[in-house]
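Before any comments, here is the structure.
The values are calculated or read from the model by the stated rules, or taken from the named source; none is laboratory data. From a predicted model like this one, the values you see are computed outputs, not experimental measurements. No Cβ is skipped: glycine too gets one built from the backbone with ideal geometry, and neighbour counts run over all protein chains shown. For the accessible areas, the whole protein counts, side chains as well, though only heavy atoms, and no ligand, DNA or RNA atoms are used. Shrake-Rupley method; radii C 1.70, N 1.55, O 1.52, S 1.80 Å.
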Amino acid sequence: MVLVPTAYAPSSNNKTSSWRTTKPVIDYGKCTRCMICWKFCPDVAIGVTQGMNLEFPNERFAKMEAPYIDYDYCKGCGICANECPFDAIDMVQESEM
Amino acid sequence: MMNLVIYLFNFSIWDLGNKMYEIRFHGRGGQGAVTASKILATAAFKEGKWVTSFPFYGTERRGAPVAAFTRIDNNKVELRTQIYSPDTVILLDKSLMNIINVTDGLKENGLILINSRKNDVLNHPELKKFKVAVVDATSIAIRNRLGDPAHPIVNTAILGAYAKISGIVKLESIIEATKDLSPSKINENINAVKQAYDEVEVI
Amino acid sequence: MRNMNKNWNIMTGNEAVALATKLAGVRFVSAYPITPQTAIVEKIAEMVANEKMDAKFIEVESEHSAMASVMGSELAGVRSFTASSSHGILYMHEMLNWVAGMRLPILMAVVNRSIGPPWNIWADHSDTMIQRDTGWMQLYGESNQEAMDTIILGYKLAEHKDILLPIMVMQDAFTLSHTSEPVEIRDEMVVREFLGDLNLPFKIDTNRPMGYGSLMPPDGPFMELKMDMKKSMYSAVDRFVEITKEFNDLFDANFPGPVEGFMMEDADYALITLGSISSTAKYVVRNLRNQGKKVGLLRILLYRPFPKDLVISYLRGLKGFGVVDRSSTYGPYGSLYMDVISSIYGKLEIPAANFVAGLGGRDVRVKDFEEMFTKIMEGEEGEIWINVGVK
Ligand code: SF4
Ligand code: SF4
């Protein structure tokens, strides 16, 4: 059998959240559900959710899918906050939480 | 000795013995010299011979001089060099005689087959040392509507003539190879082969 | 006379390669056309379009992408193929290393062509010699028959479970790629049985996601991986001998294996060559033998891994030999010469000359080989350029 540079390291064992110093927090009152943050997150740490009891800008948004951040894997790079066209994501110091 | 006996009694003129035959084609881009070398090789291949056929690579454009080569042998051909002293030169366009030395390296008493009318090359000083044969392949090609009158494709006709005078390859094999390698006008090409076979003259 | 009971056809080296990929059951092809390899790509694209070959063909915008895409398909466990020449191979240099390091048994057909400038499209081994340290195995053929057979043998060797390394199979530009000659076509069913299915133990599997080629620190198994690659590669010489025997029995063929000794048994002097010029060299050896000169030829087919023990066994007892390099290298001597000399170092002491010949497609003629034999019989050594400056 030959040696091959492959690694079976399932991500469930390797949570990258420990790398984070600042943390993105979504203000669902401002968020328009455009999903740009979901598209840009380089670590696929932003998922899509439905049916959660979230704030929403108006009634029409009540039934829409919304972004949510998986804090097990978010590394805190801030790209989502930078890309959000509605300034709905704030980067908050971990120590302040 | 064995080969000589066969030659005398069987008149099996396509027995090559141990000799390798080297043939060089000269033409202009578009006249089909490369295909001619391939058809000849294929014809000899069909008779069980070992063959190689290859073009000389330079810049390829319509009208520019091109050369192509065929080697025929009973045994496997090992030589992979260019052909420097051919047994036969086949000239698809007689006007090339004014531009390049078409008989360069041709063996003494070697055969040069020219697409020409007899009078046009008679007494040509360059051809004295060689066995010269002519066939008007251009007229044959035009007659059979191969190519267009300004650019007739003469390669199949000239091979019919070669089959007759060389004794290296049979007419039927040239016809079979022509069928395999002609992209279109198969019957016209075959007719051209047959007509050239009948019309070729040694001078 | 050829054995007329066999299935012969007349074809160019490029056509032989294209047909061989179909016989070998290649399922994925991606390549970027470059002279003189173009006809391979055209022929395969045509066979795929006419449903004569059951494979996916994808067009790419560069050789780098061609190699990257066959890397992807091979990782998915699909037998993959690409072909290139000259500057195309230089452009995929980065990916060549990735493919070898990932242990992917991809086969690439190469039509050897020089490297510019000046611009030149003719035969020269510089394009693959320059890649000899990428971890690819290299197999140089001398005829269109070998152009076909090396594809079949190449997959068998590369996909061996103890080797799993990519392989380049070479033929010379125009001298083979555009020359028509008889080729015995191997039976497709038998080829498929000979090769079996590709079984890549680490192929991409969505049920078991893995990281491929990720970061490896100095104390991680980086050196160990490289050592394993070299070990596998050098085990390929013996594997190739076995595979060749199996192939020859199966197809009633006479493929030589890693090296071919021609009239070497009682030879005093010999030349060592690669590729299509070896045919002309054999012609010259035969002629010189008829004149009573005890000469021979050693042709290297498998250049990477270098079959050093076999080379030593053939050279033992010679009074002198010459190595013909058909590539420009800027080390002290030519690449093949350095490989031969380092293989025999401390074991044999024989005067040896390094001939450089045939660069940029310059014809290596009968008289050139005669000159080389004369020189080694006179005991000349060092680097000697043949047929230069005489035009
Ligand atoms: S980019 Fe901003 S507005 Fe758009 S979904 Fe994400 S948080 Fe909401
Ligand atoms: S901070 Fe970076 S990693 Fe975290 S959710 Fe935003 S884009 Fe993704």
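Measuring heavy-atom accessible area with a 1.4 angstrom probe and counting protein chains only, the residues of the stretch A:4-28 that give up at least 30 Å² relative to the chain alone are A:Val4, A:Pro5, A:Thr6, A:Ala7, A:Tyr8.
For the chain pair C and B, buried accessible area totals roughly 2300 Å², probe 1.4 Å, rounded to the nearest 100. Approximating the spin labels as points 7 Å out from Cα along Cα→Cβ, the B:His124-to-C:Glu349 distance works out to 6.4 nm.
Across the stretch C:260-385, how large is the tail of the calculated P(r) beyond 23 Å, expressed as a percent of all Cα pairs? Every Cα pair in the stretch C:260-385 considered, those over 23 Å come to 21 percent. Between the Cα long axis of helix C:13-23 and the first principal axis of chain C there is an angle of about 40°, rounded to the nearest 10. In a DSSP loop and with at most 12 other Cβ atoms within 10 Å, the GluC sites (Glu not before Pro) in the stretch C:212-298 are C:Glu265. Spread over its residues, the convex hull of the C-alpha atoms of the stretch C:348-391 is 87 Å³ per residue.
Computed over Cα pairs, the Kirkwood radius of chain B leads via Stokes-Einstein (1.306 mPa s, 10 °C) to a diffusion coefficient of 94 µm² per second.
Quick one: helix C:38-49 against the long Cα principal axis of chain C, what's the angle to the nearest 10°, folded into 0 to 90? Approximately 30 degrees, to the nearest ten.
Averaged over peptide C:8-19, the number of partner chain Cβ atoms lying within 10 Å of each residue's Cβ comes to 2. Ranked by the mean number of other Cβ atoms within 10 Å per residue, highest first, peptides B:151-158, C:132-139, C:51-58 order as B:151-158, C:132-139, C:51-58. Shown is the FRET efficiency for C:Asn207 and A:Gln50, computed with R0 = 35 Å from the Cβ-Cβ distance and rounded to the nearest 0.05: 0.80.
Qualifying GluC sites (Glu not before Pro) in the stretch C:361-391, where qualification requires a DSSP coil assignment and no more than 16 other C-beta atoms within 10 Å, comprise C:Glu378, C:Glu380, C:Glu381.
Rounded to 0.05, the FRET efficiency of the A:Lys39 and C:Lys245 pair, given R0 = 60 Å and the Cβ-Cβ distance, is 0.55.
Which percent of the accessible area of chain C is formed by carbon and sulfur heavy atoms (probe 1.4 angstrom)? Summing carbon and sulfur atoms, their accessible area is 52 percent of the total for chain C. If you wrap the Cα atoms of chain A in a convex hull and average its projected area over all directions, you get 8.3 nm².
Among the residues of B:71-82, the average count of other protein chain beta-carbon atoms within 10 Å of the residue beta-carbon is 6.
Fully extending the segment from C:Arg316 to C:Glu224, taken as 0.36 nm per residue of separation minus the present Cα-Cα distance, adds 29.7 nm.
Of C:Met168, C:Met264, C:Met210, the residue with the greatest mean-square motion in the GNM of chain C, using alpha carbon springs below 10 Å, is C:Met210. Probing with 1.4 Å while keeping every protein chain in the model, the per residue accessible area of the protein assembly as shown equals 45 Å². Note on the stretch C:7-251: dipole from Cβ charges, positive end direction compared against C:Ser69, C:His178, C:Ser85; the farthest Cα belongs to C:Ser69. The spacing between the stretch C:99-166 and the stretch A:1-53, judged by their C-alpha centroids, is 43 Å. Shown here is the pair-distance distribution of chain C: with all Cα-Cα distances grouped in 10 Å bins from zero up to the longest one, the shares run 5, 24, 33, 25, 11, 2, 0 percent. Counting only protein heavy atoms, what percent of the accessible surface of chain B is carbon or sulfur at a 1.4 Å probe? Answer for chain B: carbon and sulfur cover 52 percent of the accessible area.
Taking all C-alpha pairs of the protein assembly as shown, those more than 52 Å from each other amount to 25 percent.
With angles folded into 0 to 90 degrees, how steeply does helix C:63-75 sit against the dominant principal axis of chain C? Use alpha carbons for both and round to 10. On a 0 to 90 degree scale, this one is about 60. Taking chymotrypsin sites (Phe, Trp or Tyr not before Pro) as exposed when DSSP calls them loop (any state but H, G, I, E, B) and at most 14 other Cβ atoms lie within 10 Å, what is the longest stretch of chain B free of them, the sites themselves excluded? Between the exposed loop sites, the longest stretch runs B:85-203.
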